[in-house]
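The values are calculated or read from the model by the stated rules, or taken from the named source; none is laboratory data. Model, not experiment: these values are computed from the prediction. FYI the Cβ positions are ideal-geometry reconstructions off the backbone, even for glycines, and counts take in every protein chain you see. Only protein heavy atoms, including side chains, enter the accessible area calculation; ligands, DNA and RNA are left aside. Shrake-Rupley method; radii C 1.70, N 1.55, O 1.52, S 1.80 Å.
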Amino acid sequence: MLFLALTLLYDVHETELSRIQKGPICVGLEEEMKVLFLAAGYGTRLERDVLADQSGKYDHLRGVPKPLVPVGGRPLISHWMDILMKIDTVEQFYLVTNQKYLTQFEVWAQAWPKLQIVSDGTTDNETRSGAVRCIQLAVEHFQITDDLLVIGGDTLFYEDFDLKNYLERFLELQKKTGDACLVTYYNCAEHETVKFGILEVDEHDVVTRFREKPQPEETPSRRACPCFYLYSNSSLPLLQEFLSERKDCPLKEIDAPGNFLQYLYTRRPVFVYKISGRFDVGGLQSYIVCDQYFMQKRGQ
């Protein structure tokens with residue numbers, strides 16, 4: 001199965017190279033930043049769903065990490081790379097994966113010369129590092145000191161998302177205070193608050209509270225916050241501070257990236273930016289919906 005997955009990636013690699021050779025459309029901004037993809041998860045729910053599916057239609061997903069599953073005919077994470085390569089102030093891309101999927105990401109990354117990969121060294125879900133540790137691993141390993149955009153490797157936004165506008169908003173906030181961070185949100189249904197991290201904000205769009213998967217009656221907010229965070233460089237040292245204070249805590253208290261956001265907003269101003277929606281490829285059904293959306297867009 002690994003051989004089949006790698007064969008698929010080599011085929012995709014040729015397509016990716018042809019796209020890159022056309023060259024990016026640069027968008028001029030003022031500040032340089034780095035981009036980090038979190039891709040060290042094991043996709044246990046998607047893998048379980050695929051194994052349980054009797055049709056055989058999705059067998060090609062077996063053994064493939066979620067950021068590399070084909071969405072609209074291309075690896076999910078390549079959609080982000082297409083968007084980000086148009087921003088000339090993004091000088092470097094990083095990705096944290098695990099040892100199990102390292103080879104597959106290395107094959108995919110041959111099409112993206114600006115991207116570097118580091119493994120967290122784990123081999124199964126039980127020994128996983130957790131998202132916050134992975135962010136800190138990248139910051140230390142690659143010696144990141146610039147503003148850092150962190151993107152969950154299993155997430156895509158609707159095509160109306162305007163990255164240029166998002167970055168301009170960040171720069172606007174940075175001119176007021178260099179400590180400003182910017183996160184995204186979209187409005188979820190009342191019954192969906194139990195699935196997501198929920199933001200509460202004030203009249204200035206500053207985060208005043210972050211609740212992880214609350215019951216609807218526990219918060220008046222319906223602002224769901226995906227893993228798409230733009231951290232100011234001054235906020236990065238707080239990662240180690242957060243992890244040091246929680247070194248004896250169970251993994252669930254430091255695993256999700258929202259755990260650090262909950263720590264961050266009380267120490268740095270965190271502003272919100274509204275998006276129309278996102279795809280979170282968790283299980284097979286959510287993958288199908290995401291794939292169909294981008295297949296439709298490709299056919300238009």
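Which pairs in the list K86/K175; K66/K114; K164/K274; K34/K86 are over 19 Å apart, alpha-carbon to alpha-carbon?
K86/K175; K66/K114
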Rh (Kirkwood; distinct C-alpha pairs) - region 144-300, Å: 16.6 Å
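Mind putting a number on the dipole of region 225-300 about its Cα centre? Charges go on the C-beta only, +1 for Lys and Arg and -1 for Asp and Glu, and I need it in Debye to the nearest 20. Walk me through the numbers on the way to the answer.
Details: 9 positive and 7 negative charges, 67 e Å.
Value, rounded to 20: 320 debye.
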Once you charge only the Cβ atoms, +1 for Lys and Arg and -1 for Asp and Glu, what is the size of the charge dipole of the chain about its Cα centre, to the nearest 20 debye? 340 debye
Roughly speaking, to the nearest percent, how much of the chain's 1.4 Å accessible area is carbon and sulfur? 47 percent
Can you give the calculated 222 nm mean residue ellipticity of the chain, where each DSSP H run of n ≥ 4 adds -39,500 (n - 2.57) and the sum is split over every residue, rounded to the nearest 500 deg cm²/dmol? -10500 deg cm²/dmol
Whole number in Å², please: accessible area per residue of region 234-300, 1.4 Å probe, ligands, DNA and RNA not counted. 49 Å²
Towards the positive end of the charge dipole of the chain, with charges on Cβ (+1 Lys, Arg; -1 Asp, Glu), say which of N259, P237, S78 has the farthest Cα. S78
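I'm checking a number: the convex hull volume of the Cα atoms of region 223-300, normalised per residue, in Å³. What is it?
Dividing the Cα hull volume of region 223-300 by its residues yields 132 Å³.
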Over region 98-155, with neighbouring protein chains present, the accessible area per residue in Å² at probe 1.4 Å is 41 Å²
Calculated FRET efficiency, E245 and T89, Cβ-Cβ r, R0 35 Å, to nearest 0.05? 0.60
Regarding the chain, what whole-number volume in Å³ per residue does the convex hull of its Cα atoms give? 137 Å³
Calculate the radius of gyration of the Cα atoms of region 55-138 to one decimal place, then report Dmax, the largest Cα-Cα distance, as a whole number, both in Å. 14.0, 45
Any idea which of A189, H141, G56 is furthest toward the positive side of the dipole for the chain, if Lys and Arg beta-carbons carry +1 and Asp and Glu beta-carbons -1? G56
Region 111-168 -> Rg/Rh from Cα coords, Kirkwood Rh, value 1.02
